[in-house]
Amino acid sequence: MSGPAVTPPSHATFDTLRAGGPELVEELVDLLTKDAHERVRHANGFVRAHVLLSLDRATAVIHCQWAGKPAAPLGEFASRPGVAVSSFVGTQTAGVAGPAASARPEIAAIATRHVDGHGGARELGELLVRSGTWKRHFPGFIGATAHISPDGRTYVNYPQWIDEATYRSYMADPRIALGQQEIARLEAAPPEFVLARVAADIGPP
């Protein structure tokens, strides 16, 4: 028997936590995962969450998808001593589905780009959709979703892959470098990029 229908996500949150050492960051990942299971997934409008540990073990991220207005997933972590927190809330927009769209991700990237407003963000979205011509057929690529902040100045792309080998092969494709040149002309400030392993994939209760 199937469960209740889940409304497709319309908003997303990315909360990034940086701390002074890998042991503390790994502890944060464990605590975020526990909190997401016990509290966050019961919030109104929750659709899905990923808890991520960056490959350099310097950063923990909790990414949540929401149907409607997002909740604040961090709770007590937002003021934890010794932890620097940055948060993004945005509306989900353009996306590309890959051939492994139904697979569980092992590797994901949070690519945060800064533009001059909604016009630049829309252009980035159009570039992402056009790039889907080849990405939709790249083996092991799960997909990418893009998100825009309310003021249009921050654009977050969230691509996912089945494993690290697939990610490395994807990034070595010469079409990636060509796309980066187009993206760079739209940026108003240097981008931020976090490459991470998906430590937990959490659905609704």
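Couple of notes before you dig in:
- The stretch 77-99, residues that are surrounded by fewer than 17 Cβ atoms within 10 Å (Cβ to Cβ) and over 27 Å from residue 30 (Cα atoms): 91, 97, 99
- Of the strands (runs of 3 or more DSSP E) that lie entirely inside the stretch 45-117, those containing 2 or more residues that are within 22 Å of residue 176 (Cα to Cα) and either touching an Asp or Glu at 6+ places or on another chain (Cβ under 9 Å) or not polar (S, T, N, Q) (or both) span 84-97, 107-114.
- Test: residue in the stretch 64-75 that is of a type in the set (A, V, I, L, M), closer than 20 Å to residue 193 by Cβ and crowded, with 16+ Cβ neighbours inside 10 Å: no
- All positions within the stretch 43-63 that are in contact with a Lys or Arg (Cβ under 7 Å, 6 or more places away or on another chain) and closer than 19 Å to residue 108 by Cα: 49, 52, 53, 55, 58, 59
- Checking every residue in the stretch 23-30 against the condition of being at pLDDT 90 or above, surrounded by fewer than 19 Cβ atoms within 10 Å (Cβ to Cβ) and either part of a strand (DSSP E or B) or not acidic (Asp, Glu) (or both) gives at least one match.
The values are calculated or read from the model by the stated rules, or taken from the named source; none is laboratory data. What you see is a predicted model, and the numbers here were worked out from it, not measured in a lab. Don't worry about glycine lacking a Cβ; one is built from the backbone with ideal geometry, like all the others, and counts go over all protein chains shown.
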